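Okay, so here's the structure we're looking at.
The values are calculated or read from the model by the stated rules, or taken from the named source; none is laboratory data. Not measured: the values here are computed from a predicted model. Cβ atoms come from the backbone with ideal geometry, glycine included; neighbour counts cover every protein chain shown.
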Amino acid sequence: MSSTHAATVTGSLPATAPAGIAALATKALTIGAIGIGLTIAGLFVSGGAKVAYSWLVGLTFWTGIAIGMLFLVMIHHIVDASWSTVIRRQFEHGLAAFKWLGLLFIPLVAAALYDKQLVWKWFDPAFDLAKVGGTGTVGEDILWVKKAGLLNPTFFVGATVVSFLIWIWLSARLRKASFTQDFDGDLKWTSHNRTTAAFGLALTALTMTLSIIFWVKSLDYHFFSTMYGVWYFAGCIRAALSAGVIIMVWLYLRGDYKGILNNNHLHSIGQLIFAFTVFWAYITFSQYFLIWNANIPEETFWYSLREINNSDGVPNQWKWVGLFLLFGHFFLPFLTLIHYRVKLSKTWMPRIAFYIAFVFLIDLIYNVWPSKKNELGDPLPFLAVHQLWTITAVIGIGGVCVWAYLKSFPTAKLIPIRDPRINESLTHHE
């Protein structure tokens, strides 16, 4: 595409979204409301604890995608990328979900503070560990005592609130500067966002790591791992890139991205997904290998719990989930995306993207649900009625996030038309 044609494309873009976006937003919100309603109904079927675990999975899944988008926008600015400029705007719209995700987190935290034994058992030092196959109480557990300075409800709530406020603030700065540049074309906004990215990347990395340690890792507070935050980061980026592919192809098929999206954009984002597939495998294998090699009970129990029952030593369903993650999270995407033509396909790339997002969800389920144990200390099975509420929670929270994206869509140009890198992006490798 020539620079003249690129200028023609950007100059003709409408300020508002094409028809149908408002109707789609309404449908997304309706689906979200139905999903949330069904999840609430689960309280009367399976009880509060199982619904709370399901809600936690849904929140960490969709928050992970939003965090991944925030990282990608800031990485775009900090490295002064050009090819991703036409894609960046859709990630910026995705950041609108943060305030709603924070709002949806409130019921879970409030319920956990009301019933301190509901989710995070260390909320209540008097919790009897015999209920989950242990001995004594949390308050008598030396491993909790040593971590009590961090693992306490006050720090938990404070870290969660501060994390969401930082993510919302960074998103607002990035979105405002980008959207404003569409109208005045001032280069100061490019510099502004680069500065935001410079300190925002560090803030997001720290808050993301602290949050996932609190939300998920601390469910089994005995567990030690120095790679947990990086594991979540890898999953967030892969899921966000997958969401980007789905949005790009959807807009192309609608006609919005015709003349804007070319094969090289798809190939470049496919390369990034491929790279983070390898990165996820490296991080996950390193965590497993180091724990296996050290053979320390405070670390190995986490994997043992996900392979055999504590009470009788019989392999449980989570063993097969772990094997699925090994092959499904790495080998299948790796062997598929290694092919050049697959990365160019507007048929195959969305399918692969949906699959990667699905496996990220299974990975979160694998990390969250085995922490919910029966009276023998065995994890609840993977295939059971309680997973129905995980599905409804993911749909419910997802509906709200998609609605937030679609509501943001008409508030800016389709692509950053006055970004200094826009022509280079439109002519990417052509």
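Could you tell me whether any residue of the range 316-325 is within 30 Å of residue 384 (Cα to Cα) and part of a loop (DSSP other than H, G, I, E, B)? Yes, the conditions are met somewhere in the range 316-325. Remark: residue 210 falls outside the filter, which requires a residue to be more than 30 Å from residue 370 (Cα to Cα), of a type in the set (A, V, I, L, M) and within 19 Å of the chain's Cα centre (by Cα). Scanning the range 224-250 for residues that are hydrophobic (A, V, I, L, M, F, W, C), over 11 Å from residue 346 (Cα atoms) and modelled with pLDDT of 95 or more returns 230, 231, 233, 234, 236, 237, 239, 240, 241, 243, 247. Scan the range 313-321 and give yes if some residue there is buried (at least 21 other Cβ atoms within 10 Å of the Cβ) and closer than 26 Å to residue 402 by Cβ, otherwise no. No, every residue in the range 313-321 fails to be buried (at least 21 other Cβ atoms within 10 Å of the Cβ) and closer than 26 Å to residue 402 by Cβ. Only one of the numbered conditions (1) under 23 Å from the mean Cα position of the chain (by Cα); (2) over 30 Å from residue 418 (Cβ atoms) is violated by residue 94, and that is (2). Among the residues of the range 169-201, write down those that are hydrophobic (A, V, I, L, M, F, W, C) and either crowded, with 20+ Cβ neighbours inside 10 Å or closer than 16 Å to residue 72 by Cβ (or both). Result: 170, 174, 177, 189, 197, 198, 201. Report yes if some residue within the range 403-413 is over 25 Å from residue 65 (Cα atoms) and touching a Phe, Trp or Tyr at 6+ places or on another chain (Cβ under 8 Å); otherwise report no. Checking the range 403-413: not a single residue is over 25 Å from residue 65 (Cα atoms) and touching a Phe, Trp or Tyr at 6+ places or on another chain (Cβ under 8 Å). In the range 266-289, how many residues are in contact (Cβ under 8 Å) with a residue 60 or more places away in the chain and either exposed (fewer than 14 other Cβ atoms within 10 Å of the Cβ) or within 22 Å of residue 348 (Cα to Cα) (or both)? The qualifying residues number 9. Could you tell me which residue of the range 374-399 is farthest from the chain's Cα centre (by Cα), considering only residues that are aliphatic (A, V, I, L, M) and either surrounded by fewer than 22 Cβ atoms within 10 Å (Cβ to Cβ) or modelled with pLDDT under 95 (or both)? Filtering the range 374-399 for residues that are aliphatic (A, V, I, L, M) and either surrounded by fewer than 22 Cβ atoms within 10 Å (Cβ to Cβ) or modelled with pLDDT under 95 (or both), the one farthest from the chain's Cα centre (by Cα) comes out as 376. Of the residues making up the range 101-116, those that are exposed (fewer than 13 other Cβ atoms within 10 Å of the Cβ) and either in contact (Cβ under 8 Å) with a residue 60 or more places away in the chain or of a type in the set (Ser, Thr, Tyr) (or both) number 1.
Can you find even one residue in the range 243-263 that is within 22 Å of the chain's Cα centre (by Cα) and under 30 Å from residue 147 (Cβ atoms)? Looking through the range 243-263, none of the residues is within 22 Å of the chain's Cα centre (by Cα) and under 30 Å from residue 147 (Cβ atoms). Sub-7 Å Cβ pairs linking a first residue in the range 51-66 that is under 15 Å from residue 380 (Cα atoms) and among the polar types (S, T, N, Q) to a second residue that is modelled with pLDDT of 95 or more and in a helix (DSSP H, G or I), at least 6 apart or interchain, are 54/39; 54/389; 54/390; 54/393, ordered by first then second residue. Taken across the range 77-86, residues that are free of Cβ contacts under 8 Å to residues at least 12 places away in the same chain and farther than 30 Å from residue 28 by Cα do occur, with at least one present. Exactly one residue out of 189, 169 is over 18 Å from residue 212 (Cβ atoms), over 27 Å from the mean Cα position of the chain (by Cα), part of a helix (DSSP H, G or I) and free of Cβ contacts under 8 Å to residues at least 24 places away in the same chain: that is 189. Being of a type in the set (A, V, I, L, M, F, W, C) and either surrounded by fewer than 15 Cβ atoms within 10 Å (Cβ to Cβ) or modelled with pLDDT of 95 or more (or both) is the requirement here; does residue 75 meet it? In short, yes.
Screening residue 199 against (1) farther than 30 Å from residue 429 by Cα; (2) assigned to a helix (DSSP H, G or I); (3) in contact (Cβ under 8 Å) with a residue 12 or more places away in the chain leaves a single unmet condition, (3).
Across the range 117-141, the number of residues qualifying as surrounded by fewer than 19 Cβ atoms within 10 Å (Cβ to Cβ) and on the phi < 0 side of the Ramachandran plot comes to 13.
For the range 301-311, the candidate set comprises residues that are of a type outside the set (Phe, Trp, Tyr) and modelled with pLDDT of 90 or more; within that set, the residue that is farthest from residue 346 (Cα to Cα) is 309. When the range 118-166 is filtered for residues that are free of Cβ contacts under 8 Å to residues at least 24 places away in the same chain and among the hydroxyl-bearing types (Ser, Thr, Tyr), the ones remaining, listed by number, are 135, 137, 154. When each of 51, 119, 86 is tested for being closer than 30 Å to residue 191 by Cβ and either assigned to a helix (DSSP H, G or I) or at pLDDT 95 or above (or both), the lone residue that passes is 86. Screening residue 371 against (1) surrounded by 17 or more Cβ atoms within 10 Å (Cβ to Cβ); (2) farther than 27 Å from residue 313 by Cβ leaves a single unmet condition, (2).
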